[in-house]
Amino acid sequence: IIEDVVSYIRDNLDTELSLDTLAQKASLSPFYFSRLFKKETGFTPHEYVLTARVNNAKYLLLTTASSVKDICFQTGFTSESSFCTTFRKSTGKTPGEYRQTHL
């Protein structure tokens, strides 16, 4: 069940991935789904989605010439400020700094 949800997350990073949506995909209650997901992956569903989005953003920053703003929305963040804040918490660098130091 969790593998199917992980695949769904990977394929739909650019859309809203709420706990209710993911639990519905697994045909489980949100509470039970959260516990099972954490047990299987080591991450809460929210942490997993954020990590997947940041990893996708890192890939896009290094392999495309897309702007930070474009990458922000391609990876499913709803605002550039939340994207930059989350990215910096995860990597210690802003998206622009990450791109410059890894190219």
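The values are calculated or read from the model by the stated rules, or taken from the named source; none is laboratory data. Predicted model only: the values in this text are computed from it and were never measured. Glycine gets a Cβ as well: all are built from the backbone with ideal geometry, and neighbour counts include every protein chain shown. For the accessible areas, the whole protein counts, side chains as well, though only heavy atoms, and no ligand, DNA or RNA atoms are used. Shrake-Rupley method; radii C 1.70, N 1.55, O 1.52, S 1.80 Å.
State which entries of LYS39/LYS69; LYS38/LYS89; LYS38/LYS58; LYS39/LYS89 exceed 28 angstrom in Cα-Cα distance in the structure shown.
LYS39/LYS69
If only Cα atoms are counted, what is the Rg of region 54-96, and what is its Dmax, in Å?
In order Rg, Dmax, the Cα atoms of region 54-96 give 9.0, 23 Å.
If contacts are Cα pairs under 8 angstrom and at least 6 residues apart, what is the relative contact order of the chain in percent?
24
Solvent-accessible area per residue for region 1-82 at a 1.4 Å probe radius, Å²?
60
Assign unit charges at the C-beta atoms only (+1 for Lys and Arg, -1 for Asp and Glu), then state the dipole size of the chain relative to its Cα centre in Debye, rounded to the nearest 20.
Dipole about the Cα centre, nearest 20: 360 debye.
Of all accessible surface on the chain at a 1.4 Å probe, what whole percent is carbon and sulfur?
Of all accessible area on the chain, carbon and sulfur atoms account for 51 percent.
What relative contact order, as a whole-number percentage, does region 1-56 give when Cα pairs under 8 Å and 6 or more residues apart are counted? Please report the intermediate quantities before stating the final value.
Values: 35 pairs, mean separation 19.2, N = 56.
This gives 34 percent for region 1-56.
Can you give me the solvent accessible area of LYS25 with a 1.4 Å probe, rounded to the nearest 10 Å²?
Roughly 120 Å² of LYS25 is accessible to a 1.4 Å probe.
Per 10 Å bin, what is the whole-percent P(r) computed from every C-alpha pair distance within the chain?
Values per bin, smallest distances first: 15, 45, 28, 11, 1.
If the label point is 7 Å along Cα→Cβ of LYS89, which residues in region 42-68 have backbone nitrogen under 16 Å from it?
Within reach of a label on LYS89, which here means backbone N under 16 Å from a point 7 Å along Cα→Cβ, region 42-68 contributes 43-55.
What ³J(HN,Hα) values, in whole Hz, does the Karplus curve 6.51 cos²θ - 1.76 cosθ + 1.60 give for region 88-103 when θ = phi - 60°, with x put for Gly and Pro?
Each residue's phi maps through the Karplus curve to give 5, 4, 7, 10, x, 9, 6, x, x, 5, 4, 4, 5, 7, 10, 8 Hz.
Output the peptides 9-21, 49-61, 26-38 sorted from most to least packed, where packing is the average of other Cβ atoms within 10 Å over each peptide's residues.
49-61, 26-38, 9-21
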